[in-house]
1. Out of (1) β-branched (Val, Ile, Thr); (2) surrounded by 20 or more Cβ atoms within 10 Å (Cβ to Cβ); (3) within 23 Å of residue 169 (Cα to Cα), the odd one out for residue 92 is which?
2. Output the strands (runs of 3 or more DSSP E) that fall wholly within the range 115-210 and possess 3 or more residues being closer than 23 Å to residue 36 by Cα, or say none.
3. Under 6 Å between Cβ atoms, at least 6 apart or on separate chains: pull out the pairs that start in the range 8-24 with a residue that is open to solvent by less than 60 Å² (accessible area, probe 1.4 Å) and end on any residue that is modelled with pLDDT of 75 or more and aromatic (Phe, Trp, Tyr).
4. Six or more apart or on different chains, Cβ under 8 Å: which pairs go from a residue in the range 127-145 that's more than 15 Å from residue 200 (Cα to Cα) to one that's of a type in the set (Asp, Glu)? Could you list them?
5. Assess whether residue 54 counts as being over 18 Å from residue 148 (Cα atoms), open to solvent by 10 Å² or more (accessible area, probe 1.4 Å), of a type in the set (Lys, Arg) and in contact (Cβ under 8 Å) with a residue 12 or more places away in the chain.
6. When residues of the range 114-127 are filtered for being open to solvent by 30 Å² or more (accessible area, probe 1.4 Å) and either hydrophobic (A, V, I, L, M, F, W, C) or closer than 17 Å to residue 176 by Cβ (or both), how many remain?
7. Of everything in the range 170-209 that's over 20 Å from residue 42 (Cβ atoms) and either polar (S, T, N, Q) or in contact with a Leu (Cβ under 8 Å, 6 or more places away or on another chain) (or both), which residue is surrounded by the fewest Cβ atoms within 10 Å (Cβ to Cβ)?
8. Taking the criterion of being assigned to a strand (DSSP E or B) and surrounded by fewer than 17 Cβ atoms within 10 Å (Cβ to Cβ), would at least one residue in the range 58-80 satisfy it?
Amino acid sequence: MDNLKIRNIYCVGRNYYSFAKEMGNAISESPIIFLKPTHSLEPMNGSVIALSGKYGEVNGEAEIVLHMGKDYVPGIQVEELVDKMTIGIDFTYRNVLNEIKKKGQPWLPAKGFRSSCSIGEFREISGQSDLTKDFRLIKNGETLQIGNIKNMIFSLQTLIDYIALNFGLGTGDLIYTGTPEGIGTLQDHDHLEIQWGEEIIGSCQIILKS
């Protein structure tokens, strides 16, 4: 992961209109934020990522990931704060998530397990214009998701300000900014690629352990 020291991993739920519609969710009035442990982070460098297959359906959701290059101060803009970006995948145990939602319990067992978020190669950015390319999730050669920040419910600046003011945001923190429609249901030995513009910036093979 480019020798970066990663601190907090913030994730944004339901941040694309298309995803909310696909999942039958109402549009939230404020960002939905959850955390993943640093132990959940895995590089997508042609590696094998082992997940459990005993909890039912496993999903993969591609997202733009922002890296904070300095500590947040009120009024700071995206261009000043974010120094790198990549595409990552938020892995989810869907059956587990559905059950704990019914009970009103935290999402951690369904979202924060080991290897539950993967990450591609980082690219340096100088402004938000560098973030307007389409990104894609490709499974076994088939495109499952196409996303672009222009289709987000909450802008990058809104997400950054909200997270910083409510939870804190500093150097080394990551923000997974949400996923578009078309999340993938994964099977054993699936091959995944994440694409930024025309460039593949990460790949892995999924192993589902029984």
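The values are calculated or read from the model by the stated rules, or taken from the named source; none is laboratory data. Remember, predicted model here, so these are calculated numbers, not experimental data. When we count neighbours, we look across all protein chains shown, and the Cβ atoms used for this are built from the backbone with ideal geometry, even at glycine. To get the accessible areas, we keep the full protein, side chains included, count just its heavy atoms, and leave off ligands, DNA and RNA. Shrake-Rupley method; radii C 1.70, N 1.55, O 1.52, S 1.80 Å.
1. (3)
2. 117-119, 135-139, 174-176, 191-196, 199-209
3. 11/34; 11/176; 15/154
4. As it stands, the answer is 127/79; 128/79, since those pairs meet every condition given.
5. Answer is yes for this residue.
6. Number of matching residues: 3.
7. Going through the qualifying residues, I end up with 171.
8. The initial filter retains those residues of the range 58-80 that are assigned to a strand (DSSP E or B), namely 58-68.
Narrowing the set further to residues that are surrounded by fewer than 17 Cβ atoms within 10 Å (Cβ to Cβ) leaves none.
There is no residue in the range 58-80 that is assigned to a strand (DSSP E or B) and surrounded by fewer than 17 Cβ atoms within 10 Å (Cβ to Cβ).
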